[in-house]
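The values are calculated or read from the model by the stated rules, or taken from the named source; none is laboratory data. Values in this document were obtained by computation on a predicted structure and should not be read as measured data. Here the Cβ is made from the backbone with ideal geometry for all residues, glycine too, and neighbour counts use every protein chain on show. Heavy atoms of the whole protein, side chains included, go into the accessibility calculation; ligands, DNA and RNA do not. Shrake-Rupley method; radii C 1.70, N 1.55, O 1.52, S 1.80 Å.
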Amino acid sequence: MPMTLHAASREALAAAELRLLELADATQNDSILASDDLAKLGEELFAVLGLLIEQPALRRALADASSEPAGREQLVRGLFAGKVSDGTLQVLVAVVTARWSSPRELVDGVESLARTALLVRAEREGQLDSTEDELFRLGRIVAGSHELELLLADPAGSVDGKVALVDSLIEGKVSPVTKTLVDQLVRHPRGMRVADGLSELADLAAKRRQRSVAHVRSAVELTAEQIDRLTATLTTIYSRPIALHVEVDPALAGGLTIKIGDEIIDGSIAGRLAALRRNLAS
């Protein structure tokens, strides 16, 4: 499920994200430097995430609202100074000097910041669209393979083995940003099915472009013209840009279904027959 934060944690995450984006903006004039720095920032934050997951005492200490912020800053500097880049350290200081509602939500925040750094990198490189599409397509592949889902969900399975398995599927087919995001999701699913996590990542990429995502299931392949027309129609209906993820599902028998958030628009023959059966039974 998408991350849900309490009010204090939302404020803390907003402050840390602002610091991250300030650092990103400071290097934007040099596109190569910006890309490398953002990649390193995201990867180092993911490494810190792994440490926080493994060490409950550390995450409790860093999220302890009863302690002085200066003390938490000193702790994080002592742990990470010289081991991560200055930019990563500045983001971590912004994280631990803020007030979080719980240690779990601080960990959620670090994960969110790592993902943001990488998505900003994709945005700066003009690859946000392709990253979103790669994440969505891989999510459909995983969701469509019961055997693959079982292997990735097996708590006794080797984490490195799971990462290697997914890498074998995507090697040379996706961007470095997508690969890092996917590897980290497989390494730290945090109780979420990998297919659901990939869907959430695709949604985050779409939101990065300030667009909502419409998950479309169609009985037949849609033409480019049909996709453009449907996109324009949904954009008009919802008064905001809409990104389409289209999946062909012959079981619909005709027509299509559209899911945006919690709302489902069912225009399929199967959907209309099901509605008719419900009406007849009532």
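The residues in region 140-155 that are in contact with a helix residue (DSSP H, G or I) (Cβ under 8 Å, 6 or more places away or on another chain), of a type in the set (Asp, Glu) and open to solvent by 80 Å² or more (accessible area, probe 1.4 Å) can be counted, and the count is 0. Here Ala26 fulfils each of the conditions (1) at pLDDT 95 or above; (2) open to solvent by 70 Å² or more (accessible area, probe 1.4 Å) apart from (1). Beta carbons closer than 7 Å, at least 6 apart along the sequence or on distinct chains, pair a first residue in region 65-92 that is open to solvent by less than 30 Å² (accessible area, probe 1.4 Å) with a second that is among the aliphatic types (A, V, I, L, M) and outside any helix (DSSP H, G or I) for Leu89/Ala81.
I need the full set of residues from region 221-232 which are exposed (fewer than 12 other Cβ atoms within 10 Å of the Cβ) and either aliphatic (A, V, I, L, M) or in a helix (DSSP H, G or I) (or both), in order please. Spell out the reasoning first.
Our first condition is that a residue be exposed (fewer than 12 other Cβ atoms within 10 Å of the Cβ); within region 221-232, this holds for 221, 223-225, 232.
Residues satisfying the conditions are Ala224, Glu225, Ala232.
If we scan region 233-249, do we find a residue that is open to solvent by less than 50 Å² (accessible area, probe 1.4 Å), out of contact with any Phe, Trp or Tyr (no Cβ under 8 Å at 6 or more places or on another chain), in contact (Cβ under 8 Å) with a residue 24 or more places away in the chain and assigned to a helix (DSSP H, G or I)? Checked against the condition, which is being open to solvent by less than 50 Å² (accessible area, probe 1.4 Å), out of contact with any Phe, Trp or Tyr (no Cβ under 8 Å at 6 or more places or on another chain), in contact (Cβ under 8 Å) with a residue 24 or more places away in the chain and assigned to a helix (DSSP H, G or I), region 233-249 yields at least one hit.
Looking at Lys173, Lys259 in this structure, which one is over 21 Å from Gly126 (Cα atoms) and either of a type in the set (Lys, Arg) or in a loop (DSSP other than H, G, I, E, B) (or both)? Before the answer, list the steps.
Values: Lys173 fails: over 21 Å from Gly126 (Cα atoms).
Exactly one of Lys173, Lys259 is over 21 Å from Gly126 (Cα atoms) and either of a type in the set (Lys, Arg) or in a loop (DSSP other than H, G, I, E, B) (or both), namely Lys259.
Does Ser66 qualify as being farther than 23 Å from Thr180 by Cα, out of contact with any helix residue (DSSP H, G or I) (no Cβ under 7 Å at 6 or more places or on another chain), in a loop (DSSP other than H, G, I, E, B) and not charged (D, E, K, R)? Against the criterion (farther than 23 Å from Thr180 by Cα, out of contact with any helix residue (DSSP H, G or I) (no Cβ under 7 Å at 6 or more places or on another chain), in a loop (DSSP other than H, G, I, E, B) and not charged (D, E, K, R)), Ser66 qualifies.
Taking region 72-122 as the range and being more than 14 Å from Leu13 (Cβ to Cβ), in a helix (DSSP H, G or I) and of a type in the set (A, V, I, L, M, F, W, C) as the test, the residues that pass are Leu75, Val76, Leu79, Phe80, Leu89, Val93, Leu118, Leu119, Val120, Ala122. Could you give every pair whose Cβ atoms fall below 9 Å, whose first residue belongs to region 156-182 and is surrounded by fewer than 11 Cβ atoms within 10 Å (Cβ to Cβ), and whose second residue is of a type in the set (Lys, Arg), counting only separations of at least 6 or pairs across chains? Between residues of region 156-182 that are surrounded by fewer than 11 Cβ atoms within 10 Å (Cβ to Cβ) and residues that are of a type in the set (Lys, Arg), the close pairs are Asp160/Arg187; Glu171/Lys179.
Restricting region 183-192 to residues that are outside any helix (DSSP H, G or I) and without any contact (Cβ under 8 Å) to a residue 60 or more places away in the chain, which is nearest to Glu44 (Cα to Cα)? Let's see the steps before the verdict.
Let us first name the residues in region 183-192 that are outside any helix (DSSP H, G or I), namely 188-192.
Next, from what is left, pick out any that are without any contact (Cβ under 8 Å) to a residue 60 or more places away in the chain: 189, 191.
Values: Pro189: 18, Gly191: 22 Å.
Filtering region 183-192 for residues that are outside any helix (DSSP H, G or I) and without any contact (Cβ under 8 Å) to a residue 60 or more places away in the chain, the one nearest to Glu44 (Cα to Cα) comes out as Pro189.
Could you please let me know if Lys207 is open to solvent by 70 Å² or more (accessible area, probe 1.4 Å), assigned to a helix (DSSP H, G or I) and within 21 Å of Leu41 (Cα to Cα)? The answer is yes for Lys207. Among the residues of region 255-272, those that are in contact (Cβ under 8 Å) with a residue 12 or more places away in the chain, farther than 15 Å from Leu244 by Cβ and surrounded by fewer than 16 Cβ atoms within 10 Å (Cβ to Cβ) comprise Ile269, Arg272.
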